[in-house]
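The values are calculated or read from the model by the stated rules, or taken from the named source; none is laboratory data. On a predicted model such as this, the values are computed, not experimentally measured, just so you know. Cβ: placed from backbone, ideal geometry, glycine included. Neighbour counts: every protein chain shown.
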Amino acid sequence: MAAWNLWGDGPGCWIADALAPYHSRERRGLAGSTVAATVPDSFEAYVRILHPVVMNTLDINGTFHFGTTTWADVAAKTGRTIHPAVQFAAITGLPRGEQLILGDQHYGNPIEGRLEPFALAALADVVGRFTSTPGDVYLAIWDGWGGLHEGTSVSYVPAAEEGAAATAAQIQEAFDLALRQMQLRGLSEEMLDSSMVDVANGYRCFYVERSTIAGLAAPPWNGEALPQFTQSPNLAWPEDRAWCLATEIDFDSTLVGGSRELIAAIVAHPGLEALPVELATDLAWHADTVNPLPGDSGG
């Protein structure tokens, strides 16, 4: 399968061109987890949509009821602060991947690399009003998701130093991811056989499909899959390039670049937990300088 040349004219190459400098060998460790390394730096403003927190409530009969909540709800209960570079582990006070338990409520970690379907639909509704080409939208998905290829399997093998220290929550999270990846078999033959967008010579490669705002709200490759087995686009943009959406596979949030009016509309949407960010905002797991990271001596 051929990849569109980094400097070529295929759909999405304008994104690859913009991101490539931030993923050079010299800069990746310094700027590779910033907003500018994830969304092209050509927009007026940027926003970070925090992925919903899985919240399971145990009732008096011992039955779990599954739902979601916000990062702000968790922070209010742990006495931490929400800010543009907030990291979930920093507001739980627990090592990355560990589940926060407060009374009868169990808080799972926000999913990395995927925006929940209800939040994706809400976001699509907003961005669809800020493009002149809502019927001509590109959707891109990372080629590394295991279920894209027949015969692919995913397993969880703890590193030697983890050993028995792996928590039940971590193991369950790994199996949930494996199950979700195994469901991703709905990409069209045309999409799988087409050329790809290549960011920084293989750092990230994406399959691309031409779609619509409706397709962004409910990506066609998900078919009839249950919500927990769906995959949101890792990149999306309209033909007029009025905005760009990016869900980096290692981030538990989705970024959008666009006009100031669009960003304000996303922040104001009641169904989205969104924070304005700057191009230099760092989203690495250790970049939260407001809340003490797990293991810090601070509160």
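Numbers below:
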item: Within region 189-250, strands (runs of 3 or more DSSP E) holding 3 or more residues that are within 29 Å of Val54 (Cα to Cα); result: 204-211, 235-238, 244-246
item: Region 204-242 - residue that is touching a Phe, Trp or Tyr at 6+ places or on another chain (Cβ under 9 Å) and of a type in the set (Gly, Ala, Ser) and, of those, farthest from Ile141 (Cα to Cα); result: Ala242
item: Top-ranked residue in region 58-88 [being hydrophobic (A, V, I, L, M, F, W, C) and at pLDDT below 95; ranked as surrounded by the fewest Cβ atoms within 10 Å (Cβ to Cβ)]; result: Ile60
item: Spans of strands (runs of 3 or more DSSP E) in region 11-75 with at least 3 residues within 17 Å of the chain's Cα centre (by Cα) and hydrophobic (A, V, I, L, M, F, W, C); result: 45-50
item: Flag for Ile91 being part of a strand (DSSP E or B), buried (at least 19 other Cβ atoms within 10 Å of the Cβ) and modelled with pLDDT of 95 or more; result: no
item: Count of region 256-269 residues which are aliphatic (A, V, I, L, M), surrounded by fewer than 22 Cβ atoms within 10 Å (Cβ to Cβ) and not in a helix (DSSP H, G or I); result: 0
item: Unmet criterion (only one of (1) part of a strand (DSSP E or B); (2) of a type outside the set (Lys, Arg); (3) in contact with a His (Cβ under 8 Å, 6 or more places away or on another chain)) for Leu293; result: (1)
item: Conditions (1) over 12 Å from Leu50 (Cβ atoms); (2) touching a residue at least 60 places away in the same chain (Cβ under 8 Å): number failed by Val267; result: (1)
item: Restricting region 32-51 to residues that are closer than 16 Å to Thr70 by Cα and touching an Asp or Glu at 6+ places or on another chain (Cβ under 6 Å), the residue that is surrounded by the fewest Cβ atoms within 10 Å (Cβ to Cβ); result: Leu50
item: Residue check, Val256 within 20 Å of the chain's Cα centre (by Cα), under 26 Å from Leu275 (Cβ atoms), of a type in the set (Val, Ile, Thr) and modelled with pLDDT of 95 or more; result: yes
item: Evaluation of Val54 against (1) crowded, with 17+ Cβ neighbours inside 10 Å; (2) touching a residue at least 60 places away in the same chain (Cβ under 8 Å) (one fails), failing number; result: (2)
item: The one condition in (1) touching a residue at least 24 places away in the same chain (Cβ under 8 Å); (2) of a type outside the set (Val, Ile, Thr); (3) more than 18 Å from Pro270 (Cα to Cα) that Trp71 fails to fulfil; result: (3)
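Condition check ((1) modelled with pLDDT of 80 or more; (2) touching a Ser or Thr at 6+ places or on another chain (Cβ under 9 Å); (3) farther than 22 Å from Glu248 by Cβ) across all residues:
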| residue | (1), (2), (3) |
| --- | --- |
| Pro117 | yes, yes, no |
| Val127 | yes, no, no |
| Ala168 | no, no, yes |
| Gln183 | no, yes, no |
| Arg204 | yes, no, no |
